[in-house]
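Asker: Let me begin by handing over the structure; questions about it come next.
Computed from the coordinates by the stated procedures, all read-outs in this text should not be read as laboratory data. Given the structure is predicted, the values throughout are model-derived calculations rather than measurements. Positions of Cβ are generated from backbone atoms using ideal geometry, with glycine treated the same way; all protein chains shown enter the neighbour counts.
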């Protein structure tokens, strides 16, 4: 067998193990009975060890060593080899001992985080978090970096991402957004009280399935289940699953999680199944992944045209709450801007302050200019500064996100990057597709999906985020698109 | 670390991989979207390969080599080492090439079996089945045997099982049962037509959950889902899942699958979690496993005392069908004896003819006295001989079971062994537990469960089937218990 075929088989084997872990994790979040938790976490750890061994064994090293200088490969094959080699080099820097230590620290931190949330006290979590932070600082040294240690963490989620670039970008976000949000706060506020009435769970579930179908999510290559925290997971592009949360007294939960996770899922379902396990068969970065979820959730889902298509049915399904609410009233309610404590339920503008705060804290922890033990205070001060609100307790503050307990530092910035990429992609799609707006008004998003498939999904990792952005839109990531989108939309809603 | 601890860790790792495969398979039968089938089967194959490598690697061999002569081990530890060593020796006899060939043959055979069922033609399946049979004959040679080649296959499901013993046992089954069933056939038949009226699915599901709870199935260490073919699967004794099938026009399906799978699950939930992955933490054989499912399904579930406890509720839940049916009428209907084509829905007497036929055929195939191509004819002739019925087509005949397409030869006899063990165990339990019958009449089976936990479940593989049987009942497996049970029960129902 040729080296490239051997490499392909090896990568497919690695992908099979990754996907097995994903199935075990999906089950953990959806159907696992209470007492099964410990054994399950042990099973996942075992597979994670096998995954690391397989991905870094000498066979892999030899194959990639041979192939990285093979000039007979085509562009796609070369991309696969280059990315796999980078990944192999990164993975190989970690000893099995480090991987095991980290795995244990994460398991401990997750339990501590749960206990801290129960006790509503950051102090309970702080020591475990400190261990995680030390491991992450060690990671930066192990992986290495040229500009900033945090780059080594970013790279895992946003390949080639640069701290200095994100810092500059976020500074500009801060400058423009603070004033804009203040301006909105000065206007008469919109009424969204009807969103918090009682909405029957079964009917909400049914509506969610309808919305997923309508956007083109393939239920023969996926399914939706309930979980505490909504997520998307892929076991290969032919089995991409989403979960949602249905709150009886908050109509927002289900709608936005369906559209958001649906957007993620369309990306995964659009990856080329022939490249199963290979870089070109995988999402290029979390930033681009988030661009897909945000595009469907916000640029499409929170738009007036979208609800022109869907409001009549929604009203029919919930006449007890919506019969007397106009389309315009419904549209405004879902776009209400209001500083709040919890990131995941923030509006699409103040959302970015939540990210800025986390980014600044992560950077501070990695640089060593902030100490873990002070995080609750730092957190609360920043919420006061950026959002003008007093965090009432740790659960509503520094303990709200699971990410740090999972060891995921370097992840948060991709959420904002995603929104900004989404605005830029959607502007281009609107330009490229004649009458996109009126298609959406008809409930027809198939041309939009085709555009995304053609321009983004099919390439997998062939292009990095920045390369893809330039290729698709003709320029690098440009925050102006997001601001233009925000100014137009909220200018109308708040008559600025 | 001591060798025994290393061995323990290694076995736990092997168990983690086995259970990961079990999760992937469970999901495949319950929730997998249609298009995910190919990738899933590839993922399972990859894990199966890793499992085989891990279970037979040199570390395992070295550890077991050291430990098998370690005289400082206690009885349980010695048992673990002995069984693991036997298993290691058995597994190591197979080359990876053979394992891969077999894995591929099974995947092909499964597809061929599905196609053959669709075409209702055994000829479509015959060539693939022949490949399986050749591999199984090869297996007998690879594994080795002293008395009969089929012993090598039996051993996988019923350790130390002997073809010659089963042949003798089944001969006695045949002799006694043929006459007994004929006698029943000469009596006025019972009416069970009301079992085939329309039974609401949701209410059936609810009743099934009630029955599982009542028998002591722990829903915090398991769950029930729907699948095409009911089964029990374990991911460790803290997560043991059952599935059921609910037929709208056959009340039998749900009831018997719940009690049957519930019985299997109670065994798995009763294994010692401290011995996770070790032989003493695993079921001792499929025969004993089946004894637990049959005991709950038949000896408890199809008894008059059991329905004295549960019929009132059942009647209340389905008044439209059962209001005018007496307890005695219901009891008799569920015990109706009638020769039929399909094994899984056979009554508890004629069931064993289905097994005898399969055993004779498997033995014939392995001995080489029967040819795969003739199986449909052989099958039909035997059904005529043993059950007096004319098989109308292959789907109702030789194509009905999945087992051969899965490569599971040597499995069927354990079904009958299970029923016979069940009768013997239940007779002993009735002797040991004062007033067991009246406890069951009160809906209280907790003492029975404690008896099973104490006498059977807790030991795992510490004793073989035969050792366990002798320990618990004071004698080897004795078919007389089953016949005595049958004569008493059916003597009453059919006034013989």
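Asker: Tell me whether the range A:1-71 comes out rounded, prolate or oblate; compute the Cα gyration tensor, take square roots of the eigenvalues as a ≥ b ≥ c, and use a/c under 1.5 as the rounded threshold.
Answerer: On the way: a/c = 4.91, a/b = 2.94, b/c = 1.67.
In terms of gyration-tensor shape, prolate.
Asker: Which order do the peptides B:15-23, B:246-254 take when ranked by the mean count of other beta-carbon atoms within 10 Å per residue, highest first? Please report the intermediate quantities before stating the final value.
Answerer: Values: B:15-23: 23.0, B:246-254: 17.7.
Descending packing order for the listed peptides: B:15-23, B:246-254.
Asker: While we're here: For a footprinting-style exposure proxy, rank B:196, A:311 by other Cβ within 10 Å, fewest first.
Answerer: Values: B:196 14, A:311 18.
Least crowded to most crowded, the residues run B:196, A:311.
Asker: With an 8 Å Cα cut-off and a minimum separation of 6 or more residues, compute the relative contact order for the range A:380-472 in percent. Kindly include the intermediate steps, with their values, before the conclusion.
Answerer: On the way: 29 pairs, mean separation 15.7, N = 93.
Relative contact order for the range A:380-472 comes out at 17 percent.
Asker: Taking the highest mean first, how do the peptides A:334-346, A:353-365 order by number of other beta carbon atoms within 10 angstrom per residue? Write out the running numbers ahead of the final one.
Answerer: Details: A:334-346: 16.9, A:353-365: 21.5.
The most tightly packed comes first, giving A:353-365, A:334-346.
Asker: Right, here's the next one. Expressed as a whole number of Å, what is the distance separating the alpha-carbon centroids of the range B:126-140 and the range B:338-354?
Answerer: So the separation of the two Cα centres works out to 27 Å.
Asker: Would you mind listing how long the protein assembly as shown runs along its three principal axes, going by Cα atoms, in whole Å with the largest first?
Answerer: 93, 67, 55
Asker: While we're looking at this one, here's another question. Students often get this wrong: which residues of the range A:324-344 have the backbone nitrogen under 13 Å from the point 7 angstrom along Cα-to-C-beta of residue A:396?
Answerer: A:339-343
Asker: When the C-alpha atoms of the range A:36-123 are aligned to their principal axes, what extent does each axis show, in angstrom, from largest down?
Answerer: That works out to 60, 23, 22 Å along the principal axes.
Asker: Sticking with this structure for a sec: Using per-residue counts of other Cβ atoms within 10 Å, averaged over each peptide, order A:468-474, B:40-46, A:427-433 from highest down.
Answerer: Values: A:468-474: 17.6, B:40-46: 20.7, A:427-433: 16.0.
Sorting A:468-474, B:40-46, A:427-433 by mean packing, highest first, produces B:40-46, A:468-474, A:427-433.
Asker: What is the fewest-to-most order of B:160, B:83 by other Cβ atoms lying within 10 Å of their Cβ?
Answerer: Values: B:160 14, B:83 20.
With the sparsest Cβ surroundings first, the list reads B:160, B:83.
Asker: Averaged across B:7-20, how many Cβ atoms of other chains sit within 10 Å of each residue's Cβ atom?
Answerer: Details: counts 0, 0, 0, 0, 0, 4, 7, 1, 4, 11, 6, 1, 6, 11.
Across B:7-20, the average partner-chain Cβ count within 10 Å equals 4.
Asker: Testing the spin-label approximation: label points 7 Å from Cα along Cα→Cβ at residue A:91 and residue B:487. State their distance in nm.
Answerer: Label at residue A:91, label at residue B:487, 6.6 nm between them.
Asker: Please report how far the C-alpha centroid of the range A:164-236 lies from that of the range A:447-481, rounded to the nearest whole angstrom.
Answerer: Between the Cα centre of the range A:164-236 and that of the range A:447-481, the gap is 21 Å.
Asker: For chain A, find the longest principal axis of its Cα atoms and tell me its angle to the long axis of helix A:75-92, 0 to 90°, nearest 10.
Answerer: Tilt relative to chain A: about 80 degrees.
Asker: Also, I was wondering about something else. What is the average number of partner chain Cβ atoms found within 10 Å of a Cβ in B:26-38? Each step should come with its number before you reach the end.
Answerer: Values: counts 3, 7, 1, 0, 1, 9, 6, 11, 6, 12, 11, 2, 5.
Mean partner-chain Cβ count within 10 Å for B:26-38: 6.
Asker: Every other copy gets compared here: list the nm distances from the residue B:403 label point (7 Å along Cα to Cβ) to its counterparts, shortest first, one decimal.
Answerer: Values, ascending and in nm: 5.5.
Asker: Give me the one-decimal nm value for the distance between modelled label points at residue B:118 and residue B:185, 7 Å along each residue's Cα-to-Cβ direction.
Answerer: So the label points at residue B:118 and residue B:185 sit 3.7 nm apart.
Asker: Sticking with this structure for a sec: What fraction of the DSSP beta bridges in the protein assembly as shown is antiparallel, stated in percent and rounded to the nearest 5? Each step should come with its number before you reach the end.
Answerer: Details: 8 of 14 bridges.
Beta bridges within the protein assembly as shown, antiparallel portion: roughly 55 percent.
Asker: Okay, next question. Modelling each spin label as a point 7 Å along the Cα-to-Cβ direction, I'd like the residue A:475/residue A:245 distance in nm, to one decimal.
Answerer: 3.7 nm
Asker: Right, here's the next one. Please compute the contact order of chain B in relative form: average sequence separation of alpha-carbon pairs under 8 Å and at least six residues apart, divided by the residue count, as a percent. Before the final figure, lay out each step's value.
Answerer: Values: 669 pairs, mean separation 95.3, N = 496.
Computed value for chain B: 19 percent relative contact order.
Asker: Taking a ≥ b ≥ c as the square roots of the eigenvalues of the Cα gyration tensor of the range A:163-493, is the shape rounded (a/c under 1.5), prolate (a/b larger than b/c) or oblate?
Answerer: Rounded is the answer for the range A:163-493, as its axis ratio a/c remains below 1.5.
Asker: Report the residues of the range B:186-214 in range of a label on residue A:206: point 7 Å along Cα→C-beta, backbone N strictly under 19 Å from it.
Answerer: B:201-203
Asker: Can you figure out the FRET efficiency of residue A:374 with residue A:174, using R₀ = 22 Å and their beta-carbon distance, to the nearest 0.05?
Answerer: 0.50
Asker: Now for a different question. Across the residues of B:43-50, average count of Cβ atoms on other protein chains within 10 Å? Walk me through the numbers before you get to the answer.
Answerer: On the way: counts 13, 2, 2, 9, 6, 0, 2, 8.
Mean partner shielding for this stretch: 5.
Asker: With the radius of gyration and the Kirkwood radius both derived from the Cα set of the range A:257-385, what is their ratio Rg to Rh?
Answerer: On the way: Rg = 19.5 Å, Rh = 17.8 Å.
Rg/Rh for the range A:257-385 comes to 1.09.
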